[in-house]
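The values are calculated or read from the model by the stated rules, or taken from the named source; none is laboratory data. Keep in mind the model is a prediction, meaning the values are calculated, not measured. Virtual Cβ from ideal backbone geometry, glycine too; neighbours counted across all protein chains shown. To get the accessible areas, we keep the full protein, side chains included, count just its heavy atoms, and leave off ligands, DNA and RNA. Shrake-Rupley method; radii C 1.70, N 1.55, O 1.52, S 1.80 Å.
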Amino acid sequence: MSLDSSNAWRLVSNRTPTAVLISGAGSNMVALIEAAQDTAYPADIQLVISNRPEAAGLRKAEALGVTAICIDHRDFGSRADFEAELDAALKAHNIKFVVCAGFMRVLGKKFVRAWSGKMINIHPSLLPKYKGLHTHKRALESGDREHGCTVHWVSEGVDDGEIIAQSLLNIHANDTEETLASRVQVLEHRLYPKALAEAVTKD
Ligand code: GRF
């Protein structure tokens with residue numbers, strides 16, 4: 001919002017101020033920021049936070065004109081202290097919605113409760129299958145014929161919240177962990193912007 005006192009007019013944006021939490025490459029974050037460059041998109045991505053200073057996504061966010069900061073979890077004595085700092089940074093930037101995109105820290109109950117209904121995550125499997133790590137390997141080893149990704153609300157259980165949207169692919173006979181990972185990421189980059197738009201306008 002900006003206020004011009006000389007002319008007494010005010011521009012009010014009804015887009016939701018949104019932050020993206022990352023730990024690494026940030027390819028999903030880039031897809032989200034690009035979607036939000038359209039001023040008709042309901043989320044306005046104003047902040048990126050990484051828990052790792054070396055995360056390539058930090059520089060990508062800056063290049064796209066989004067404020068990017070690091071809160072290194074290793075600087076804190078406990079998970080609770082790290083999350084208190086995370087929460088304070090989000091509030092200091094007036095953030096109202098949080099998107100986890102390759103954020104590799106499990107979030108504690110207090111933080112999850114504080115952001116309940118305002119925080120979503122993307123997971124590279126068709127939840128409820130394969131919560132946690134190594135999802136592509138597990139799908140291949142199980143002989144699955146379908147695989148994909150899921151956007152869900154963040155709840156207290158890991159990768160356990162209510163599902164918002166999923167995107168599916170067929171597993172090919174010659175797929176490897178690597179080919180599946182890159183094929184699933186293509187789906188993620190299409191799905192996450194749509195799912196965020198849906199989630200942020202749910203009320
Ligand atoms: C994605 O595959 C996401 O599903 C998982 O971590 C990966 C992050 O990739 N949670 P990127 O950092 O968005 O490129």
Exercise. Are any of the residues in the range 143-157 in contact (Cβ under 8 Å) with a residue 12 or more places away in the chain, closer than 20 Å to SER116 by Cβ, open to solvent by 80 Å² or more (accessible area, probe 1.4 Å) and part of a loop (DSSP other than H, G, I, E, B)?
Worked result: yes
Exercise. Do we have HIS73 as more than 16 Å from the ligand (Cβ to nearest atom), in contact (Cβ under 8 Å) with a residue 24 or more places away in the chain and open to solvent by 70 Å² or more (accessible area, probe 1.4 Å) here?
Worked result: no
Seminar exercise, completed: Picked from the range 76-113 (must be open to solvent by 20 Å² or more (accessible area, probe 1.4 Å) and among the aliphatic types (A, V, I, L, M)), the residue nearest to the chain's Cα centre (by Cα) is MET104
Problem set entry | From the options SER13, SER116, residue that is surrounded by fewer than 21 Cβ atoms within 10 Å (Cβ to Cβ), more than 17 Å from the chain's Cα centre (by Cα) and more than 25 Å from VAL186 (Cβ to Cβ) | SER13
For this session: May I ask you to say which residue of LEU140, LEU187 is away from the ligand (no atom under 14 Å from the Cβ) and in a helix (DSSP H, G or I)?
Result: LEU140
Exercise. Going through the range 1-33 one residue at a time, which ones are more than 14 Å from ALA197 (Cβ to Cβ), assigned to a loop (DSSP other than H, G, I, E, B) and modelled with pLDDT under 95?
Worked result: MET1, SER5, SER6, ASN7, ALA8, VAL12, SER13
